[in-house]
1. Looking at (1) part of a loop (DSSP other than H, G, I, E, B); (2) modelled with pLDDT of 95 or more, which is the one condition that is false for Asp173?
2. How about segment 202-282: which helices (runs of 4 or more DSSP H) wholly inside it have at least 1 residues that are of a type in the set (Ser, Thr, Tyr) and closer than 23 Å to Val180 by Cβ?
3. State all residues of segment 314-356 that are outside any helix (DSSP H, G or I), farther than 16 Å from Gly288 by Cα and within 13 Å of the ligand (Cβ to nearest atom); if no residue qualifies, say none.
4. Do we have any residue at all in segment 289-308 that's more than 16 Å from the ligand (Cβ to nearest atom) and touching a Leu at 6+ places or on another chain (Cβ under 6 Å)?
5. Output the number of residues of segment 75-92 satisfying the condition of being of a type outside the set (Lys, Arg) and within 23 Å of the chain's Cα centre (by Cα).
6. I'm checking my understanding of the structure. Among residues of segment 120-141 that are of a type in the set (A, V, I, L, M) and under 27 Å from Arg232 (Cβ atoms), which one is surrounded by the fewest Cβ atoms within 10 Å (Cβ to Cβ)?
7. Here are some conditions: (1) open to solvent by 40 Å² or more (accessible area, probe 1.4 Å); (2) touching an Asp or Glu at 6+ places or on another chain (Cβ under 8 Å); (3) farther than 25 Å from Leu100 by Cα. Gln209 meets all but one. Which one does it not meet?
8. Need a quick list: strands (runs of 3 or more DSSP E) entirely within segment 54-97 having at least 2 residues that are crowded, with 18+ Cβ neighbours inside 10 Å and of a type in the set (A, V, I, L, M).
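The values are calculated or read from the model by the stated rules, or taken from the named source; none is laboratory data. All values derive from a computational prediction rather than experimental measurement. Positions of Cβ are backbone-derived with ideal geometry, glycine not excepted, and every protein chain shown enters the neighbour counts. When the accessible area is computed, the model is the full protein with side chains, heavy atoms only, and any ligands, DNA or RNA have been set aside. Shrake-Rupley method; radii C 1.70, N 1.55, O 1.52, S 1.80 Å.
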Amino acid sequence: MRVGIEEDLETRADIAVRGVRVDAPVQRSKGAGPSDDGHLVVDGANATLPLNPESPYVVQDGRIFRETIDLGLSVTPVGRPRFYDLSTTDGVPYRKIALLHGKDVLATTVVQTCIRYAEDQRCRFCTIEESLRSGATVAAKTPQQLAEVAEAAVRLDGVRQMVMTTGTTSGPDRGARHLVRCVRAVLEAVPGLPIQVQIEPPGDLGVLQDLRDAGATSIGIHVESLDDDVRRRWMPGKSTVPMAEYEAAWAEAVRVFGRNRVSTYLLIGLGEDPDALVEGAGRLIDLGVYPFAVPMRPMVGTLARRDGATAPSPALVADVTGRIAALLRAAGMTGADQGAGCAACGACGLLSAAGG
Ligand code: SF4
């Protein structure tokens with residue numbers, strides 16, 4: 001028997017924070033952004049969940065149990081994709097170029113370094129350069145390498161969309177120009193593949209049109225928090241980009257890509273006032289920007305983890321997620337309608353499970 005949507009959301013929030021005991025062949029550990037974890041399919045939808053041997057939740061026979069109680073959620077770990085066994089013509093293993101996220105998303109960080117990675121500048125939840133140091137990836141991916149991997153991932157493993165993010169580079173475009181070349185090359189190899197690009201607000205907003213003209217379906221311009229005090233504490237380097245630059249970039253991106261083809265991450269658990277967070281999400285929705293609210297889970301290797309930060313309470317995650325999902329529903333916006341990207345994938349948050 002399935003529980004109601006609110007109880008369901010609370011249970012899912014608890015699982016998202018405490019994690020599960022399961023053997024997941026596809027895992028993400030270290031890299032850009034705020035989450036790692038094992039890749040699973042829960043009730044048909046992508047979900048990244050912390051793999052935690054201490055968790056009260058366990059996966060058995062394709063279902064999640066708490067102690068002996070069957071929660072009524074089907075679970076399938078994502079299988080190791082076939083493209084992981086291949087290497088590029090210039091000898092780089094495909095899995096150092098791009099990774100499978102969920103069951104059908106190909107994700108890459110095209111430039112794996114960030115000008116903001118000095119310890120007093122970097123985002124405290126991010127480990128973009130740790131995966132480089134560990135040898136799991138290469139510093140810069142060429143458009144040709146990405147095209148080769150995308151073609152194989154679509155052909156062999158049923159990939160349906162691609163996410164391209166980048167560390168921030170020192171040029172005024174903050175990395176966007178390289179993304180233009182990467183999108184073009186991938187779409188030449190795989191015409192029609194939905195691609196989301198993720199960038200900081202570029203100095204020259206004209207590059208947004210160039211990204212759209214190259215064929216990108218959607219764009220993420222990720223602020224993570226709308227509260228300047230929280231931004232300064234958690235993202236000392238990135239918070240030097242004024243909110244006004246984000247607002248201008250979102251507005252131009254909506255003009256170029258369309259309503260609900262633009263998104264931003266909002267992290268739950270950085271100490272922001274929950275009402276202010278939900279109100280801010282409402283303002284983004286009014287602009288046509290999808291606020292992809294996800295719980296901050298401090299990954300191994302982050303400054304947050306080193307300094308003892310903990311994930312938010314499941315009750316807070318459920319409350320904020322439920323309220324933002326209601327605003328999205330009222331505006332007729334769903335993550336799926338982004339066409340490509342994190343909001344369309346939905347795995348790192350609970351909004352899609354909550355009907356957003
Ligand atoms: S939400 Fe984004 S980061 Fe998370 S699994 Fe999906 S594509 Fe990857």
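1. Going through (1) part of a loop (DSSP other than H, G, I, E, B); (2) modelled with pLDDT of 95 or more one by one, Asp173 breaks only (2).
2. Qualifying helices (runs of 4 or more DSSP H): 243-257.
3. Gly346, Ala347, Cys348, Gly349, Leu350, Leu351, Ser352, Ala353, listed by residue number.
4. So far as segment 289-308 goes, no, none of its residues is more than 16 Å from the ligand (Cβ to nearest atom) and touching a Leu at 6+ places or on another chain (Cβ under 6 Å).
5. 8
6. By that ranking, first place goes to Leu132.
7. Among (1) open to solvent by 40 Å² or more (accessible area, probe 1.4 Å); (2) touching an Asp or Glu at 6+ places or on another chain (Cβ under 8 Å); (3) farther than 25 Å from Leu100 by Cα, the lone unmet condition for Gln209 is (2).
8. Correct list: 69-77.
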